[in-house]
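Trainee: Before I ask anything, here is the structure I am working with.
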Amino acid sequence: MTPFAYHRARNVDDAVRLGAAPGAHFLGGGTNLLDLAKGGVVHPLLVVDVTRLPLAGVAPLPGGGLRLGAMLRNSDAANHALVRTRYPLLSQALVAGASPQLRNMATVGGNLLQRTRCPYFYDTAFEHCNKRLPASGCDAVGGINRNHAILGASPACIATHPSDMCVALAALRASVRVRGPRGERSIALADFHRLPGDAPQHDTTLQPGELILAVDLPPDGFAARAHYLKIRDRASYAFALVSVAAALDVRDGVVRDAAIALGGVAHKPWRRPEAEARLIGREPGDEAYGAAADLLLQGARPASQNGFKLALARRAIVRALQAAGGQA
C-alpha cells in the first residue's frame with residue numbers, strides 16, 4: 001500500500017483548495033476509488049474526504065427542474081418521490097446499476113467520476129494500458145474485447161463507460177455543477193465525459209481541483225413515456241453489453257420530442273441529437289425507430305470479438321423505444 005495523507009474537508013472551499021494539490025483524490029462513497037487504490041491501479045498522495053459536506057439534498061429548481069446533490073446516495077436518488085414520479089428514466093437506470101449494497105454507498109458525484117475501464121486497466125499484470133500507463137499501448141485491441149466499445153473508440157483505448165445513471169442523465173440532457181479554483185461553472189452532461197482520442201487517461205473535462213456539487217435535471221423528465229433497457233450477461237451485478245435510455249413525447253399521434261442514449265458501447269454515454277431529430281414529426285413505430293437506431297449507430301467499428309453488439313444495439317434501441325412509446 002502506498003502511503004497517503006488524509007484530510008476531511010470542512011467545507012466546499014476547503015475541499016477545492018486541497019483537491020487542487022498534485023495527486024489528490026476526492027473520497028465520497030469510495031466504491032471505485034478504494035478498489036483502484038487497493039489494486040495498485042491508482043496511487044493517491046492525498047485523499048480528501050468530502051462525505052461530511054452538505055451536498056446530499058434534492059431540491060426543485062426555479063423553472064421546474066430538479067437538483068440532486070453530489071453526495072446523494074444512488075439508492076436514495078432512485079427511491080426519491082420526485083425522481084420516481086418526474087424522472088422515472090433515471091430511477092430505472094439507478095436501480096439497474098451495481099448491487100443494493102453498492103447503491104447504498106455510491107453517490108451521484110462518484111457515479112459520474114467512476115473510471116471508464118476494462119479488465120486490462122484493472123489488472124496491473126498487463127503492461128500495455130494507455131489509461132493506466134499513457135503511451136504504453138492497449139492490450140485489449142488484440143486481446144479479449146467482447147465487452148468493449150464499438151463507437152467513439154480510438155487505437156489508444158476501446159474501453160466502455162460503466163455507468164447506468166450517466167446514460168439516463170445523457171438522455172435527460174442533465175448538467176453538472178462544479179466548483180474549482182476558478183469558481184463555479186455548469187457542464188452539460190454530454191460534454192462532461194471525454195472520448196479517448198490519444199489521451200484516454202483523462203475521463204472527464206474537469207479541471208484540477210474541481211469538485212462536483214450537484215446534477216441539474218431540466219423540467220421535462222419525459223415522465224409519461226420513458227424506458228431504460230439494460231442487456232447484460234447475468235441479471236445481477238454486471239455491466240451492460242448494451243443499454244438504452246429512451247424517452248418520447250408523443251402528442252396527437254406524432255413524436256414531438258425524443259431522447260436516446262446508449263451505454264456499454266463507447267467511452268462515454270453515447271448520444272446523437274440528429275438521431276433524436278429523425279423521430280420528431282413522425283408517427284411512432286418500428287420504421288421510425290429503426291431509422292433513428294441506424295443513425296445513432298452510424299460509424300460503428302466493432303473490435304475483433306464484439307461485432308454482435310451492432311445488431312444487439314439496434315434491436316435494443318427499437319425495443320426500448322417501443323416500450324417508451326407504449327407499444328411493447
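Trainee: Can you tell me how many residues in segment 269-293 are among the aromatic types (Phe, Trp, Tyr) and either part of a helix (DSSP H, G or I) or farther than 18 Å from Leu229 by Cβ (or both)?
Mentor: Number satisfying all stated conditions: 1.
Trainee: Still on this structure: Just one of Arg173, Arg179 is under 19 Å from Val244 (Cα atoms) and open to solvent by 10 Å² or more (accessible area, probe 1.4 Å); which is it?
Mentor: Of Arg173, Arg179, the one residue that is under 19 Å from Val244 (Cα atoms) and open to solvent by 10 Å² or more (accessible area, probe 1.4 Å) is Arg173.
Trainee: Just name the residue that is surrounded by the fewest Cβ atoms within 10 Å (Cβ to Cβ) out of those in segment 1-21 that are closer than 12 Å to Leu45 by Cα and in contact with a helix residue (DSSP H, G or I) (Cβ under 9 Å, 6 or more places away or on another chain).
Mentor: Only one residue tops the list, namely Met1.
Trainee: Ok, one more. Given the options Ala135, Ala149, name the one that is over 28 Å from Ser75 (Cβ atoms) and open to solvent by less than 30 Å² (accessible area, probe 1.4 Å).
Mentor: Ala149
Trainee: Okay, moving on. Within segment 73-88, does at least one residue satisfy the condition of being open to solvent by less than 10 Å² (accessible area, probe 1.4 Å), outside any helix (DSSP H, G or I) and either touching a Lys or Arg at 6+ places or on another chain (Cβ under 7 Å) or farther than 28 Å from Ala259 by Cα (or both)?
Mentor: Scanning segment 73-88, I find no residue that is open to solvent by less than 10 Å² (accessible area, probe 1.4 Å), outside any helix (DSSP H, G or I) and either touching a Lys or Arg at 6+ places or on another chain (Cβ under 7 Å) or farther than 28 Å from Ala259 by Cα (or both), so the answer is no.
Trainee: Out of everything in segment 193-206 that is touching a Lys or Arg at 6+ places or on another chain (Cβ under 7 Å) and open to solvent by 20 Å² or more (accessible area, probe 1.4 Å), what residue ends up being farthest from Gly23 (Cα to Cα)?
Mentor: Applying the filter and picking the extreme gives Leu195.
Trainee: With open to solvent by 70 Å² or more (accessible area, probe 1.4 Å), at negative phi and among the β-branched types (Val, Ile, Thr) as the only criterion, which of Val95, Val108 stands out? Full working, then the answer.
Mentor: On the way: Val108 fails: open to solvent by 70 Å² or more (accessible area, probe 1.4 Å).
Exactly one of Val95, Val108 is open to solvent by 70 Å² or more (accessible area, probe 1.4 Å), at negative phi and among the β-branched types (Val, Ile, Thr), namely Val95.
The values are calculated or read from the model by the stated rules, or taken from the named source; none is laboratory data. The structure displayed is predicted, hence computed values, not measured ones. Here the Cβ is made from the backbone with ideal geometry for all residues, glycine too, and neighbour counts use every protein chain on show. Remember, those area values only see protein heavy atoms, side chains included, never the ligands or the DNA or RNA. Shrake-Rupley method; radii C 1.70, N 1.55, O 1.52, S 1.80 Å.
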